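Here is the structure we will look at.
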Amino acid sequence: MTIKGFRQITFSINSKERTLVIDMRQSLLEVLREELGLKSVKEGCGVGECGACSVLVDDVLVDSCIYLAIWADGRKIRTVEGEARNGKLSMVQQAYVDEGAVQCGFCTPGFIMATTSFKEKCHGKKVSHDEIRKAHAGNLCRCTGYQNILKAVEKSIES
């Protein structure tokens with residue numbers, strides 16, 4: 001369905017199918033926050049540099065601020081809200097809690113999704129500190145020296 005400047009899209013968000021009519025100029029970030037109320041997805045820079053808006057689209061890490069929502073049609077999207085199961089945090093989320101890898105929390109959901117993506121790609125193999133750093137290079141934190149975040153990543157990969 002297309003109405004001058006609008007389009008109907010259907011996608012899976014955190015394992016729930018949704019159909020929305022959206023403005024074709026909207027970013028995925030705008031749709032997730034404004035239309036679906038998923039507040040973990042934050043707008044930091046708005047140009048794909050900080051990673052605060054990171055989500056998984058078909059298991060690929062993307063910056064939702066520069067990803068048009070119309071591109072999500074027919075895709076599977078995951079945000080940090082969908083990672084917990086039956087009230088229990090995911091291994092990655094729990095590792096961030098256990099290692100105190102949160103300060104103000106603004107960047108944390110994006111980091112968690114980057115770590116989730118990295119963990120799924122590693123399939124339990126041993127990884128180096130450099131590989132961890134490279135996998136998280138698109139995520140910035142203004143509050144910390146990254147040490148606890150790196151510890152959380154290591155812990156989640158080990159589990």
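Just so you know, all these numbers are worked out from the coordinates, no wet-lab data involved. Predicted model only: the values in this text are computed from it and were never measured. As a convention, Cβ positions derive from the backbone with ideal geometry for all residues, glycine included, and neighbour counts pool all protein chains shown.
Numbers below:
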item	result
Hits in the range 72-109 - residues which are over 21 Å from R133 (Cα atoms), among the β-branched types (V, I, T) and assigned to a loop (DSSP other than H, G, I, E, B)	T79
Flag if K42 is surrounded by 19 or more Cβ atoms within 10 Å (Cβ to Cβ), in contact with a Leu (Cβ under 9 Å, 6 or more places away or on another chain) and either more than 30 Å from G145 (Cβ to Cβ) or among the charged types (D, E, K, R) (or both)	yes
Members of the range 46-64 that are touching a Leu at 6+ places or on another chain (Cβ under 8 Å) and surrounded by fewer than 24 Cβ atoms within 10 Å (Cβ to Cβ)	E49, C50, V57, V62
Options V62, V41, V31, V57: the member that is over 23 Å from Q93 (Cβ atoms) and either touching a strand residue (DSSP E or B) at 6+ places or on another chain (Cβ under 7 Å) or free of Cβ contacts under 8 Å to residues at least 24 places away in the same chain (or both)	V31
Enumeration of residues in the range 1-22 that are out of contact with any Asp or Glu (no Cβ under 8 Å at 6 or more places or on another chain), under 19 Å from G74 (Cβ atoms) and free of Cβ contacts under 8 Å to residues at least 40 places away in the same chain	M1, T2, Q8, K16, E17, R18, T19, V21
Odd one out for E49 among (1) outside any loop (DSSP other than H, G, I, E, B); (2) touching a residue at least 24 places away in the same chain (Cβ under 8 Å); (3) of a type outside the set (A, V, I, L, M); (4) over 23 Å from G5 (Cβ atoms)	(1)
Those residues of the range 119-143 which are farther than 18 Å from V60 by Cα and in contact with a Cys (Cβ under 9 Å, 6 or more places away or on another chain), in sequence order	L140, C141, R142, C143
Identity of the residue in the range 1-46, of a type in the set (V, I, T) and not in a strand (DSSP E or B), that ends up nearest to T108 (Cα to Cα)	V41
Which numbered condition I112 misses (of (1) under 21 Å from K155 (Cα atoms); (2) not in a helix (DSSP H, G or I))	(2)
